[in-house]
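The values are calculated or read from the model by the stated rules, or taken from the named source; none is laboratory data. What you see is a predicted model, and the numbers here were worked out from it, not measured in a lab. We place every Cβ from the backbone using ideal geometry, glycine too, and count neighbours over all the protein chains shown. Heads up: the accessible areas ignore ligands, DNA and RNA and are worked out on the full protein's heavy atoms, side chains in. Shrake-Rupley method; radii C 1.70, N 1.55, O 1.52, S 1.80 Å.
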Amino acid sequence: MRTVLEEAKSWHRPLMLMVLAMAGLVLTAGVGLAVDHREILNESVWLKPFKFGISFVLYGATLAWLLSKLRKAKRFGWWTGTVFAITGIVDVGFIAVQAARGTFSHFNANTDAFNQVGQQVFMSGVLGLFGASLVVAIMLLFQRVGDAPLNRAIRVGLGLAVAGMGIAFYLVGANSQHEQVIDAYGHPVTLGGSHGIGVEPGGPGMPLTHWSTVGGDLRIPHFVGLHAIHFLLIVLPALHLLGRRTPWLRPERVRARVIGVAAFAYAGVMLTVTVQAFRGQPLIHPDGETLGMLGGFLAVSAVALAGVVGAARRQPVVPAHAAPRHPVGAGRA
């Protein structure tokens, strides 16, 4: 733990400051969930800043760590991360302020001055967050920051994260049907867009996430894509630990191939829930077409994994002392 904390001191500082601010928001919003009973669209006004705070803690810390691993264009990477940090604080700050005001942050088309200015900044922030993530992803395509499994996890994970962020452009633009709702005080609010497909705002939703249980919900593929890199970074140490007991899993190339299979399976899940949402179908009520699509991706992944395992078992056994000693972050010159 001490080693991790020492290493964290070298991570991108503005992003880590953003992470601390988001952690504070999570605590504040958590208290709000417990003591503030105001609701909009049948959910606590503090649920949205609570969820955004958690996501930005995870994603911001990941970016801060990745930027510390850059070997080329470090200054450009630093400024890119700083843009993300500032934009994230401004955007999520607007979400928190609107929650405190008992009104909507997303899709709010009301004409009061504060909301109008905030919406312009907010929508510009979507582009800033997406652009900064895309730049970092492109930079890491041409740099090696660790061993082959780590590099593959980072590149695919960030690519899927950028794709997940791209869905936000549809959320704030193309899906712009206007709806009349009320805020936490009963005041009328016009919503100029929605994350739902084939469902009215404020309909039944799942616990905590509040993803729709009666129609399509684009927040699902957005969430799945954004956290792809976290899933793959969790798989890495799991493979490392298994490699201690499983000789055929010790070679770097084998673990890189397994990461590739895991990435393909995850991308298949993301594509499936994206198509499902656009078809206006709730996550918990998939039809045969959705299940068939998901089953196809998982079947291909299982066959690919079996091929990787079979090929690895036929290779000479790696001695135990040759097993990788450094998990996720082990880089090589």
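Give me the distance in nm between label points sitting 7 Å out from Cα along the Cα-to-Cβ direction at Glu289 and Leu17, one decimal.
Taking the two extended label points, one gets 5.0 nm.
Exposed loop chymotrypsin sites (Phe, Trp or Tyr not before Pro) only (DSSP loop, at most 13 other Cβ atoms within 10 Å): please give the longest stretch of the chain free of them, not including the sites.
Free of exposed loop sites, the longest segment is 186-333.
Let me have the relative contact order for region 27-173, percent, based on Cα pairs under 8 Å that are six or more residues apart.
Relative CO of region 27-173 lands at 23 percent.
Tell me, what HN-Hα J-couplings in whole Hz come from the Karplus equation 6.51 cos²θ - 1.76 cosθ + 1.60 at θ = phi - 60° for each residue of region 205-218, using x for Gly and Pro?
x, 6, x, 6, 5, 6, 4, 4, 9, 10, x, x, 9, 6
Considering the convex hull of the alpha carbon atoms of region 1-65, report its projected area averaged over all viewing directions, in nm², one decimal.
5.0
Please return the longest stretch of the chain lacking exposed loop sites, where trypsin sites (Lys or Arg not before Pro) count only if DSSP places them in a loop and at most 12 other Cβ atoms lie within 10 Å.
Counting only loop sites that pass the neighbour cut-off, the longest clear stretch is 73-313.
Might you tell me the accessible area per residue for region 42-195, computed with a 1.4 Å probe and given in Å²?
That works out to 42 Å² per residue.
Which distance in nm do the two modelled labels at Arg313 and Val117 give, with both placed 7 Å along the Cα-to-Cβ direction?
6.7
To the nearest 20 Debye, how big is the dipole of the chain about its Cα centre, given +1 on the beta carbon of each Lys and Arg and -1 on that of each Asp and Glu?
Charge dipole, the chain, about its Cα centre: 2260 debye, nearest 20.
Mind pulling up the Rg/Rh value for region 14-148? Radius of gyration and Kirkwood radius, both on Cα.
Here the Rg-to-Rh quotient is 1.05.
Mind pulling up the Rg/Rh value for region 203-268? Radius of gyration and Kirkwood radius, both on Cα.
On the Cα set of region 203-268, Rg over Rh gives 1.18.
Report relative contact order for the chain in percent, whole number only (criteria: Cα-Cα under 8 Å, sequence separation at least 6).
It rounds to 16 percent for the chain.
Given the Cα atoms of region 64-212, and with Rh set as the inverse mean 1/r over their pairs in the Kirkwood sense, what is Rg to Rh to two decimals?
1.05
Tabulate in residue order the Karplus-calculated ³J(HN,Hα) for region 95-105, using 6.51 cos²θ - 1.76 cosθ + 1.60 with θ = phi - 60°, rounded to whole Hz; enter x for Gly and Pro.
Running phi through 6.51 cos²θ - 1.76 cosθ + 1.60 with θ = phi - 60° gives 4, 5, 5, 5, 5, 4, 7, x, 9, 8, 9 Hz.
Return one number: the angle in degrees, 0 to 90 and rounded to the nearest 10, between the long axis of the Cα atoms of helix 113-141 and the longest principal axis of the Cα atoms of the chain.
10
Aspartates and glutamates near Lys69 by alpha-carbon distance under 19 Å, same-chain residues fewer than 8 away left out - which ones?
Hits, sequence-local ones excluded: Glu6, Glu7, Asp147.
For the chain, what does the helix formula give at 222 nm: sum of -39500 (n - 2.57) over DSSP H segments with n ≥ 4, over the residue count, nearest 500 deg cm²/dmol?
So the calculated ellipticity at 222 nm is -22000 deg cm²/dmol.
Gain in length, Phe76 to Glu179, computed as 0.36 nm per residue apart minus the alpha-carbon separation, to one decimal in nm?
32.8 nm
Report the extension gain between Leu141 and His187 in nm, rounded to one decimal, defined as 0.36 nm multiplied by the number of residues separating them, less their alpha carbon distance.
Using 0.36 nm per residue and subtracting the Cα-Cα distance, I get 11.7 nm.
Using only the Cα atoms, what convex hull volume per residue in Å³ does region 243-305 have?
Spelled out: Cα convex hull of region 243-305, divided by residues, is 86 Å³.
Give the span of the chain's Cα atoms along each principal axis, as three whole-Å numbers ordered largest to smallest.
Principal extents (Cα only, largest first): 71, 49, 35 Å.
Using alpha carbons only, how many degrees (0 to 90, rounded to 10) separate the axis of helix 13-35 from the longest principal axis of the chain?
Approximately 50 degrees, to the nearest ten.
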